[in-house]
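Structure record follows, encoded as structure tokens.
The values are calculated or read from the model by the stated rules, or taken from the named source; none is laboratory data. Remember, predicted model here, so these are calculated numbers, not experimental data. All Cβ positions, glycine included, derive from the backbone under ideal geometry; neighbour counts span all protein chains shown. For accessibility, only protein heavy atoms count, side chains too; no ligands or nucleic acids. Shrake-Rupley method; radii C 1.70, N 1.55, O 1.52, S 1.80 Å.
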Amino acid sequence: MSSPIDLHTHSTASDGVLPPASLVARAVERGVRVLALTDHDTTAGLVAARRSAQLKGVVLISGVEVSVTWAGRTFHIVGLGVDAENALLQRGLTKLRSARLQRAQEMARLLERVGLEDAWEGVRRLAQGDVVGRAHYARLLVLRGLVTDPSEAFHRYLSRGRPGYVQAQWVSLDEAVGWVHQAGGFAVLAHPLQYRYPRAFLRRMVAAFATAGGDALEIVTGGSTAEQISTAAAYARRLGLAGSLGSDFHTVDPPWNDLGNIRPLPQGVVPIWERGGLLPHTASVVPAEIDAPN
Ligand code: MN
Ligand code: MN
Ligand code: MN
């Protein structure tokens, strides 16, 4: 299972473990020919990623992952093909990073109360960029021996209802979609089936996303099951949304979301890269390869 297109990945500019240039190198080794870097709340990794992509002959799509609060719950919108110089987008990302910083500091305070000493200093050392998220706390909890792996850290400390959880107030759906569009990009609702929200609630959110002008659903993510893929594809078809796919790569450990380790988009869904403007004309051979058995 290897896809030549991977449109959702993270570097050390947010909560990934590989610097942008190493991420691009690994993508190339794994057969990815079209790669989007989509760090949380920042485009800071794109310059280094682009330099590396040009050297390696990979198509790099400028992306970002934006956190949204809708009906009191968090959703992620991936912007693809954005102009990172766009002032409205950058103002919005600055606002998001300040909300994220506040949340991270509050999480440190709460986690110190349940035994994670010097949580803020520890997490600052782990986060190489200025975006601190729950994934960093998960790694710190593992390093300090309070849990054995990151998923246990989320389960015991970092999820809703657990002692380190802080409900952040992100931005509205309309704001997020607006920033991405103003910056010339496509707005993709990230990993819709991974939030574990009730299906009726999720369907309402997907409909609101389409009404807000959203372009695509991320139908395939790292570890997606066949059932999840067909559910998301049905949502996209019903609402006239395109489809996207991406591993949501963060670390080299969990094999299910390594770069390019994703199933193809199912039939009957328009790939977002066929909407035009995302790929250079020279890369137009890529969609034909996507169903190749490799
Ligand atoms: Mn992340
Ligand atoms: Mn996400
Ligand atoms: Mn992500």
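Screening Glu65 against (1) among the acidic types (Asp, Glu); (2) within 16 Å of ligand 2 (Cβ to nearest atom); (3) part of a loop (DSSP other than H, G, I, E, B) leaves a single unmet condition, (3). Residues satisfying the criterion are present in region 221-238 (criterion: away from ligand 2 (no atom under 14 Å from the Cβ), open to solvent by less than 10 Å² (accessible area, probe 1.4 Å), more than 24 Å from Val171 (Cβ to Cβ) and assigned by TED's automatic domain parsing to the domain that holds Thr74).
Pairs are defined by a Cβ separation below 8 Å, a sequence spacing of at least 6 or placement on different chains, a first member in region 69-83 that is at positive phi, and a second member that is within 16 Å of ligand 1 (Cβ to nearest atom) and in a strand (DSSP E or B); the pairs so defined are Gly81/Gly63.
Of the helices (runs of 4 or more DSSP H) contained entirely in region 170-276, those carrying at least 2 residues that are under 16 Å from the mean Cα position of the chain (by Cα) fall at 173-182. Taken as a whole, the condition of being within 30 Å of Ala200 (Cβ to Cβ), touching a residue at least 40 places away in the same chain (Cβ under 8 Å), of a type outside the set (Gly, Ala, Ser) and in a helix (DSSP H, G or I) applies to Arg103. Taking region 92-108 as the search range and keeping residues that are farther than 23 Å from Arg156 by Cβ and open to solvent by less than 30 Å² (accessible area, probe 1.4 Å), which one is farthest from ligand 1 (Cβ to nearest atom)? This residue is Gly92.
Out of Leu89, Leu111, Leu140, I need the residue that is assigned by TED's automatic domain parsing to the domain that holds Met205, open to solvent by less than 10 Å² (accessible area, probe 1.4 Å) and in a helix (DSSP H, G or I). Which one? That would be Leu89, the only listed residue that is assigned by TED's automatic domain parsing to the domain that holds Met205, open to solvent by less than 10 Å² (accessible area, probe 1.4 Å) and in a helix (DSSP H, G or I). Counting the residues of region 265-276 that are of a type in the set (Gly, Ala, Ser) and touching a residue at least 24 places away in the same chain (Cβ under 8 Å) gives 1.
One line per residue, one yes/no per condition, for (1) touching a residue at least 40 places away in the same chain (Cβ under 8 Å); (2) more than 12 Å from His8 (Cα to Cα):
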residue	(1), (2)
Ala210	no, yes
Gly213	no, yes
Glu227	no, yes
Ser230	no, yes
Ala234	no, yes
Arg238	no, yes
Ser244	yes, no
Val252	yes, yes
Arg263	yes, yes
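Conditions (1) within 13 Å of the chain's Cα centre (by Cα); (2) among the β-branched types (Val, Ile, Thr); (3) in a strand (DSSP E or B); (4) modelled with pLDDT of 95 or more, marked per residue:
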position	(1), (2), (3), (4)
Ser11	yes, no, no, yes
Ala21	no, no, no, yes
Ile61	no, yes, yes, yes
Val82	no, yes, no, yes
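Being farther than 30 Å from Ile262 by Cα, out of contact with any strand residue (DSSP E or B) (no Cβ under 7 Å at 6 or more places or on another chain) and not aromatic (Phe, Trp, Tyr) is a description that does not apply to Arg156. Restricted to region 146-189, and to residues there that are among the aromatic types (Phe, Trp, Tyr) and open to solvent by less than 50 Å² (accessible area, probe 1.4 Å), the residue that is farthest from Asp215 (Cα to Cα) is Tyr157. If only residues of region 20-41 that are within 16 Å of ligand 1 (Cβ to nearest atom) and open to solvent by 10 Å² or more (accessible area, probe 1.4 Å) are counted, the one that is farthest from Leu189 (Cα to Cα) is Pro20.
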